[in-house]
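Presented below is the structure to which this report refers.
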Amino acid sequence: MGRYMELAVTAAMEAGKFLKDNLNRGHSITYKGEINIVTDKDKKSEEMIADRITSEFPGHDIISEESAFRQRGSEYRWIIDPLDGTTNYAHGYPAFCVSIALQHREEVIMGCIYNPMLDELFTAEAGSGAFLNGERIHVSSVRDFSRSFLATGFPYDLRVDPDNNINYFTALAKKTLAIRRAGSAALDLAYTAAGRFDGFWELKLSPWDVAAGGLIV
């Protein structure tokens, strides 16, 4: 495990423990959109991760869901989702994760996703395979679409934009074994990488939603 991965794993697990410990302790909730929420725990988790990265690599750029892009002119950019599955978390529903990726120039070279509720750590470094708690994982071998178990999600603007995935969901629900909508794109990607889902699709995702999970897949 390289230095970057060690930092990412430490930061993700620290933030994940904080989130798990505070899951049912009440949250201060604000709205970024009509149905797009953020909690005080999102912000604290982000602060914990960003502070650790900055202490180790003060010249690196950081992009995160809950704060402005910290641009320092580096070729390295950390892409953070400090709490993916905020709506779940705010309601005490235990399906959420911490996602951290590192991009060098235009390539994502490292990613980790930590699910604190199950103590599951998904990791990948470019060209070196993907792992769950240190054991190699691989995507599903299911080739029959009618027997595929899929995951998806819906965009935050689904009330106002007809390009909202409902038509795809309706069509695919009739053609596959089943579809799940758990509310955390990063976890959906991690589970796809591990073969738990046979496939995943979603519209209008942001870099912090997919950077780590995309590499792991």
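Numbers at a glance
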{"read-out": "Antiparallel content of DSSP bridges confined to the stretch 109-217, in %, to 5", "value": "65"}
{"read-out": "Those residues of the stretch 64-95 whose amide nitrogen sits under 15 Å from the label point placed on ARG105, 7 Å along Cα→Cβ", "value": "74-77"}
{"read-out": "The stretch 124-182, dipole about Cα centre (Lys/Arg Cβ +1, Asp/Glu Cβ -1), debye to the nearest 20", "value": "340"}
{"read-out": "DSSP-assigned coil residues among GluC sites (Glu not before Pro) in the stretch 96-185, each with at most 14 further Cβ atoms within 10 Å", "value": "GLU106"}
{"read-out": "Of the trypsin sites (Lys or Arg not before Pro) in the stretch 141-203, those whose Cβ has at most 14 other Cβ within 10 Å and which sit in DSSP loop", "value": "ARG143, ARG159, LYS174, LYS175, ARG181"}
{"read-out": "Solvent accessible area, Å² - ILE49, 1.4 Å probe, full protein context", "value": "0"}
{"read-out": "Pair VAL139, MET117: separation of 7 Å Cα→Cβ label points (nm)", "value": "2.6"}
{"read-out": "Electrostatic dipole magnitude of the stretch 91-217 [Cβ: Lys, Arg +1; Asp, Glu -1; Cα centre; debye, to 20]", "value": "460"}
{"read-out": "Choice from LEU19, LEU177, LEU187 with maximal GNM fluctuation in the chain (Cα, 10 Å cutoff)", "value": "LEU177"}
{"read-out": "Dipole of the stretch 78-200 [Lys/Arg +1, Asp/Glu -1 at C-beta], most positive-end residue of ILE179, PHE154, GLY111", "value": "ILE179"}
{"read-out": "Nearest-20 debye value, the chain charge dipole, Cβ charges on Lys, Arg, Asp, Glu", "value": "520"}
{"read-out": "Average Cα contact separation per residue, the chain, under 8 Å, 6 or more apart, as relative contact order %", "value": "20"}
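The values are calculated or read from the model by the stated rules, or taken from the named source; none is laboratory data. These figures come from a predicted structure and were not determined experimentally. When we count neighbours, we look across all protein chains shown, and the Cβ atoms used for this are built from the backbone with ideal geometry, even at glycine. Each accessible area value is taken on the protein alone, full model and side chains, heavy atoms only, with ligands, DNA and RNA left out. Shrake-Rupley method; radii C 1.70, N 1.55, O 1.52, S 1.80 Å.
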